[in-house]
Amino acid sequence: MNKSYFFKFLLSVSLSLPLVGYTASETWTIEDVLEASSHLSEQIRDQTASAQKPLPRAYAAVSLSMPQASLERLARDAKDAGIPLVFRGVPPSDSQSDAKLPLLNPQSLAAFQPLIDAGADIQLHPEIFSEFNIRQVPALIVKEEAPVSPDGCAESTKAVVVPGDVTIGYALDRLTDRADSIGEAARALRAKLGNRP
């Protein structure tokens with residue numbers, strides 16, 4: 001082991017030792033230092049894990065078949081709340097000449113331009129529609145990220161779907177009374193919209 005690295009390690013451990021009950025009158029062996037360091041890393045890892053647990057994510061499932069006024073209203077609210085507008089896919093091609101173009105091309109993406117101009121985060125997310133069996137739009141989805149268990153398997157995901165052609169503020173208001181992470185996320189997102197209905 002590099003001497004300078006070892007001394008930096010000992011210095012960092014000795015500076016942190018008051019957190020694990022070190023008193024200046026004790027004589028420490030290398031085993032004591034390693035045990036204290038291991039204990040300290042566990043404390044830091046536990047604090048970091050609890051502090052960094054992400055809030056559930058929200059998505060507004062929409063379609064270009066919706067009325068333009070509804071889409072524009074949702075685009076403004078979604079931009080301000082930081083919620084992406086998710087689409088199942090791109091609109092089908094109208095002409096035979098477009099049939100030879102790749103699915104994602106300037107013509108197919110042009111339909112999204114007014115929403116992009118409004119500042120909305122536009123995403124193609126067909127898996128969201130499948131996962132939550134979304135058949136009618138718009139729908140607000142607030143979804144926890146699936147935690148991974150110690151054996152590496154993803155645990156079940158908690159999610160709520162609020163359907164209906166309503167404002168994002170109204171949909172979030174329906175979730176703010178919850179006493180779980182979904183409610184916490186709804187309150188944080190709702191605060192970004194201020195008093196807007």
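Read the figures in this text as sums done on the coordinates, not as results from a lab. Given the structure is predicted, the values throughout are model-derived calculations rather than measurements. Positions of Cβ are backbone-derived with ideal geometry, glycine not excepted, and every protein chain shown enters the neighbour counts.
How high is the FRET efficiency between ALA191 and GLN123 when r is their beta carbon distance and R₀ equals 30 Å, given to the nearest 0.05?
Once rounded, the FRET efficiency stands at 0.85.
Near PRO67: Cβ cut-off under 11 Å, other residues only, Lys/Arg at +1 and Asp/Glu at -1. The net charge is -1.
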